[in-house]
Structures are given as C-alpha cells and as structure tokens.
Amino acid sequence: MSEHDEHGLRVQGWAPIGSYGLLSDLDATALVAADGAIDWWAAPHMDSAPVCAALLDPCHGGAITLAPSVPFQVSRRYLPGTLVLETTFATAAGTVRVTDSLNRGTIGTLPWTELARRVDGLTGTVPMAWTVAPGHALADARPWAWCDDGIGRLAAGPAQLALVTDRVGDPQAGTHRVSGAFTTEPGQRGLLAVVASHGTPVFVPAPAQVCDRAEKTIEDWARWSSQVHLPGRWQQLAVRSALTIKALTSEATGGIAAAATTSLPEKIGGRRNYDYRYAWIRDSSFAIDAMHRLGLCEEVHGSLDFLIRAAAQRSPDLRPFYTMNATVPPATMRAVHAPGYHGSTPVHVGNQAADQTQLGCYGDLLDAIYGHVRAGGRLDPDTADMVTDLAERTCQLWPTPDAGFWELNDPQHYTISKIGCWVALDRAVKLADTGQLASLRTDRWRAERDQIHHWVDTHCWSEDKQAYTFHADTDDLDAACLLAARTGFCPAGDPRLTSTIDAVRAELGADGCLLYRYSGQRDAEGAFLACSGWLIEALVHAGRHEEATELLTDLDARATDLGLYSEEIDPATGHLLGNTPQVLTHLAVIGAVTAVCGYRPHR
C-alpha cells in the first residue's frame with residue numbers, strides 16, 4: 001500500500017496517468033484517481049461512449065467524486081488477487097476507507113452496470129462530500145438530474161443513472177449533477193452506488209443487495225486469480241498483469257481491448273492520441289500465448305474463438321483490429337471538441353488504422369491457432385480451410401510493403417512484418433505436419449518460409465550495426481525486432497540475435513530497461529514499455545539470464561503503486577504516458593516473467 005499527499009495530485013484538473021486504478025466487471029470499465037474521483041467510466045461496454053470523461057475534459061467530461069471535504073492523505077491498494085480498489089483517506093481528525101468495485105452478478109455480468117463505492121469510518125470523524133456528474137460522453141450529451149422519491153436520477157444521452165445511497169447524506173439534485181455530504185464515524189458503513197442502463201428502464205436495487213454483490217465480486221476475482229501460480233518473487237507481478245488483461249477482456253465475446261481509454265498522449269501536448277478500445281489481432285495472439293503460459297485454458301479458448309470469428313468475415317484478408325463484438329470497424333476517426341489530457345489534442349473516437357495492411361497479423365493469427373493445437377486443441381474443418389487460405393495469402397503478400405507493426409503511414413518492407421510472414425508459414429507447415437491441415441501446398445509454404453528468412457537476412461541486416469534493421473535499405477533500428485526471439489525466427493544462441501540486442505540497447509535505450517520504439521523517437525514520445533518485456537525475453541532466449549533478471553527487477557519498479565502500466569513512460573520523470581492500462585505492456589510483462597522463470601515456448 002502506498003501513500004499520496006493530496007497536494008499535487010492534480011494540475012489544472014488533470015491527475016497523473018499513473019494515479020489511476022482500473023475497475024472492471026468484464027464488460028464496463030472505470031478509472032479511479034488517487035484522490036477518489038472516477039474520471040473515466042465507459043458503460044455498458046468498455047468501448048461505449050463514456051458516462052464520465054473528466055480524464056480528457058476536467059470541466060465538462062464528467063466525474064464521480066467521493067472524498068473528504070478537508071485536507072487528506074491517501075493510501076490505497078487492490079484487495080489481494082482482485083480488481084476491487086481500497087482507498088484510505090487520513091485527515092487530521094480521522095480516517096475513512098472507500099472500497100470501489102464494478103459489481104458482478106450471480107452467474108456473470110449483470111444486465112445493468114453497477115458501480116459500488118462502500119464507505120467505512122475507521123477512526124475519528126471525517127466530513128465527506130460526493131458528486132455524480134456525468135458529462136458530454138465525447139459527443140453532445142447534456143446531462144439532466146432530478147430526484148425521484150428520494151432517489152437521485154440522471155439522464156446523459158442514452159444512459160439512465162440511478163443512485164443507491166445509504167448513510168451518505170440525502171441526494172441533492174442540481175441541474176446537471178446529484179451531490180451529497182455526510183460525516184463518518186468509527187464502525188459506520190455507508191454506500192454510494194450508481195446503477196446505469198442504456199435504452200432500457202433503470203433498475204434500483206436495495207443497498208444490501210449492492211453490498212452483497214460487492215463481496216461476491218471480491219470472491220470471484222480472488223478465485224480466478226488463484227489459478228495463476230509462478231515460483232519465486234514474480235508471482236504478484238504476473239497475477240496483477242493477468243488480472244489487468246482479464247479486466248479488459250469482454251466476457252461476452254472474448255475480445256481484448258488494447259487499453260481502457262482513448263486519446264491519452266504519447267507525449268504531453270503531442271498529437272499522437274489514438275483510440276485503443278479495439279481488439280488487435282496482435283494483442284489477442286500475445287494474450288493467448290500468455291494465458292497458455294499461465295495455464296488459463298478457458299481464456300485461451302475464448303480469445304481464440306473471438307479471433308477466428310473476426311478473421312473469418314473477410315478471410316484471407318485480415319484487418320489489424322476488430323471491434324469488441326468481432327465486427328470490422330470503420331476506418332474513421334472523429335475528432336471530439338474536448339481539451340484533451342493536459343491540452344493534448346485532438347481527442348479521437350475511432351481509429352483510421354482499421355483498414356491498414358499489416359502483414360504481421362498473418363503470423364499473429366496462425367501462431368495463436370498453432371499454440372492452441374500445441375496445447376491440445378484440434379482444428380475444425382472450417383478453421384483448417386481458413387488457415388490454408390491465410391497461408392496462401394501470405395505467400396502472395398509477403399514481398400509487398402505494408403504499414404508495419406507500428407501502423408505508420410509510410411509503406412516499407414518492415415523487418416518485423418517479414419518475420420511475421422515467416423511465422424505464418426512456419427506455423428502452417430507445422431500444423432500440416434501434425435495432421436491438422438489436409439493441404440497439398442505444404443512444400444510451397446516451406447519454400448516460401450525459407451525464402452523469407454533468406455530475404456530478411458540479406459536485405460534487413462546492417463553489417464555496420466550488426467543488427468536486424470527497421471526495414472530494408474536502412475540502418476535504423478526497431479525494438480520490435482527483439483520479437484525474433486520469441487517467435488523462433490532466431491534460434492537460441494543465434495549470434496545475430498545477440499548482436500541485435502546489443503545494438504538496440506545502444507541506440508534505442510533510455511534508462512535501465514527502457515527502450516524507444518525505433519530510431520528517431522527520443523524527442524517525439526516516451527519509452528515504449530512493452531519493448532522492455534521483449535528485451536528481457538530476448539535476453540533469456542540468448543542465454544543472458546542474469547541481465548534479464550536485473551532488467552525485470554527494474555521493469556517491476558516502473559509499475560504504479562497499484563501494479564499497472566500504461567503504453568509509455570517518460571524516462572526523465574518516470575511519469576506514465578499513453579492509453580492506460582495497456583494490454584500489450586502487461587502481456588510483455590508476463591512474457592518476461594515466464595521467460596525468467598524458465599518457461600520455454602515450443603515453436
């Protein structure tokens with residue numbers, strides 16, 4: 001449990017990205033700042049228009065606040081093995097604990113969204129104040145508030161909200177918000193809950209029902225996380241990352257959102273602000289591998305089912321990502337009239353990279369399918385036919401340029417994309433060799449696979465830097481090339497892998513385990529945290545276990561007080577940047593931890 005002083009928690013209304021804790025019911029998500037404000041609440045789904053978006057617009061985005069009305073200090077933690085957040089406020093006259101959860105139902109997600117904030121007086125007396133003030137929903141919603149038989153009610157666009165209160169003062173309705181105040185005493189429990197529905201009548205449960213579900217939610221999370229077992233000191237790091245990935249996975253569809261947010265900047269004041277509330281093939285593939293490593297079979301099957309359903313819509317052509325419902329998203333981005341985080345504009349809804357060609361997707365998808373088979377799965381005829389078609393499409397596409405791993409509007413022969421094509425054909429060959437594919441094209445796939453490897457070694461290698469390069473015909477470097485280790489493109493002990501590791505650290509290294517994504521990014525953005533995990537795993541693959549362990553210790557220390565990671569970090573200040581929490585980072589953490597603990601993928 002760490003402590004925060006109230007002073008300096010916010011600057012001009014913005015809390016640090018690293019101050020946010022994540023809540024999830026496996027459908028909706030919320031972010032809670034260290035000062036007790038819920039600045040982001042997307043409901044009923046994690047990719048829905050946010051009920052609260054003060055994260056991007058402190059004045060008009062909307063928030064749910066609950067905190068002492070006098071100066072305070074804060075300590076907080078997740079209840080062990082859960083996504084239930086406990087925040088303790090200490091004032092001069094007493095202490096109070098707030099326990100936040102997005103509640104689960106008896107057999108899964110509720111038919112409504114239920115945000116519960118339980119308040120327990122611990123010592124002395126503490127004056128508390130709260131507000132429920134939804135915002136514009138990153139659109140043109142205009143909230144309206146009223147009281148209905150003593151129950152606070154709000155309408156905000158399609159969202160209908162009802163407050164369930166007990167011993168937190170009488171709700172007072174203003175024009176756009178409902179608020180209240182009360183004073184805690186030792187042993188006294190209060191409840192502020194917000195129930196949300198969309199396009200349907202709102203249900204108002206009894207306070208005791210909400211509290212019972214909050215306790216069950218704790219039990220459900222703890223039961224799930226108890227499946228994760230790793231030897232030694234890295235258990236908690238792995239559990240927290242697994243919980244974060246699970247929290248951003250839709251229970252209904254198996255889709256995994258890349259992050260809970262949109263438009264948090266890669267550099268304060270910059271314009272690289274994107275919507276990450278989509279399910280990337282790459283992330284889902286990495287997640288399937290991570291869950292295999294942790295022995296979470298149900299999650300593996302659910303996410304693979306999502307990938308196959310999504311890909312089948314336009315196979316053998318793939319999209320980099322899909323909606324959380326496994327549909328093909330439009331390649332549009334809508335700029336929202338909002339100030340953005342610390343003035344970083346534009347704020348976006350949607351992602352125009354949806355129609356890019358990213359050749360690495362073929363390797364990601366076939367690697368996930370192969371991993372499932374390797375773990376005991378068997379392909380059905382339709383999936384086997386799709387794999388055959390994807391392998392054939394890879395043979396046609398691999399000699400062409402694409403947008404690359406980093407989704408750049410600069411078509412090139414990116415090294416990591418070629419490696420992805422090598423992975424696709426390598427896995428197709430192995431699936432055929434194990435009898436999962438009845439194809440007469442295996443010899444072609446094997447020949448094209450070997451040709452890709454030769455092409456990369458010839459055109460994407462820098463003799464000067466002794467490293468695999470960013471793309472053909474350049475000496476620039478790309479940290480994503482470290483993934484050549486985990487894919488099997490570079491076998492253990494390959495001197496090209498070892499020298500690439502050294503070159504990447506020399507040119508892209510920032511501080512300790514930190515790396516920039518590719519050459520020329522030092523002044524454009526922060527260090528990309530997933531790259532740290534890839535570096536650690538590559539070091540293990542290269543037999544440099546002591547270095548890997550040292551860097552994993554450093555990466556562990558870069559997490560927030562709650563064990564979360566965003567997309568990037570400012571090496572100079574240690575402040576987190578980019579959308580948060582970031583699934584790709586947590587996946588890379590699991591990859592690094594399991595590699596250091598001795599896991600070896602059978603490629």
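Multiplying the residue separation of ARG314 and TRP146 by 0.36 nm and subtracting their alpha-carbon distance yields 55.7 nm. Mind checking the log10 I(q)/I(0) for the range 337-416 at q = 0.16, 0.20, 0.22 Å⁻¹? Debye, one equal scatterer per Cα, no solvent, two decimals. With no solvent term, the Cα-only Debye profile gives -0.77, -0.94, -1.03.
Determine the calculated [θ] at 222 nm for the chain from helices alone, applying -39500 (n - 2.57) to every DSSP H run no shorter than 4 residues and normalising by the residue count; nearest 500 deg cm²/dmol. Walk me through the intermediate numbers first.
Working: 13 runs with 189 residues, N = 603.
Taking each H run of at least 4 residues, the total per residue is -10000 deg cm²/dmol.
By the rule of a C-alpha distance below 14 Å, with chain neighbours fewer than 8 residues away ignored, the aspartates and glutamates paired with LYS267 are ASP523, GLU525, GLU567, GLU568, ASP570. Note on THR125 and ALA93: the model spin-label points, each 7 Å out from Cα along the C-beta direction, lie 0.6 nm apart. Using only alpha carbons, the range 86-128 has a radius of gyration to Kirkwood radius ratio (Rg to Rh) of 1.18.
The ALA139 and ASP380 beta-carbon pair, evaluated with R₀ = 51 Å, returns a calculated FRET efficiency of approximately 0.80.
Multiplying the residue separation of ALA331 and ASP475 by 0.36 nm and removing their Cα-Cα distance gives an extension gain of 48.6 nm.
I'd like the Kirkwood hydrodynamic radius of the range 82-157, using the inverse of the mean 1/r over distinct C-alpha pairs, in Å. By the Kirkwood definition, the hydrodynamic radius is 15.4 Å. Once you treat every alpha carbon in the range 17-158 as an equal point and sum by Debye, what is log10 I(q)/I(0) at q = 0.17, 0.19, 0.20 Å⁻¹? The computed values of log10 I(q)/I(0) come out as -0.99, -1.19, -1.28. The C-alpha radius of gyration of the range 492-574, expressed as a fraction of 2.2 N^0.38 Å, stands at 1.08. Give me the distance between the Cα centres of the range 306-362 and the range 440-455, rounded to whole Å. Using only Cα atoms to place each centre, the spacing works out to 31 Å. Across all C-alpha atoms in the range 53-94, the radius of gyration and Dmax reach 13.5, 35 Å.
Equivalent ellipsoid of the range 375-450: semi-axes from √(5λ) of the C-alpha gyration tensor, largest first, are 25, 13, 10 Å. Calculated FRET efficiency, GLU251 to ASP464, Cβ-Cβ distance, R0 = 45 Å: about 0.35 to the nearest 0.05. Available extension along the chain between ALA506 and GLN235 is 94.5 nm, counting 0.36 nm per residue and deducting the alpha carbon span. Under the criterion of Cα pairs below 8 Å and six or more residues apart, the relative contact order for the range 322-437 equals 28 percent. Each pair of Cα atoms in the range 116-255 enters the Kirkwood radius, and Stokes-Einstein at 25 °C and 0.890 mPa s then converts it into a translational diffusion coefficient of 139 µm²/s.
Roughly speaking, what % of Cα-Cα pairs in the range 409-453 are separated by over 13 Å, rounded to a whole number? In whole percent, the long-distance tail amounts to 55. By the Stokes-Einstein formula, at 1.002 mPa s and 20 °C, the chain with its Kirkwood radius over alpha-carbon pairs has D equal to 87 µm²/s.
To the nearest 10 degrees, how steeply does helix 360-374 sit against the main Cα axis of the chain, on a 0 to 90 scale? Once rounded, the angle reads 90 degrees. For a straight C-alpha distance cut-off of 20 angstrom, the lysines reachable from LYS418 (same-chain residues fewer than eight places away being disregarded) are LYS430, LYS465.
Each reported figure results from applying straightforward, stated rules to the coordinates on display, with no laboratory input. Values in this document were obtained by computation on a predicted structure and should not be read as measured data. Virtual Cβ from ideal backbone geometry, glycine too; neighbours counted across all protein chains shown.
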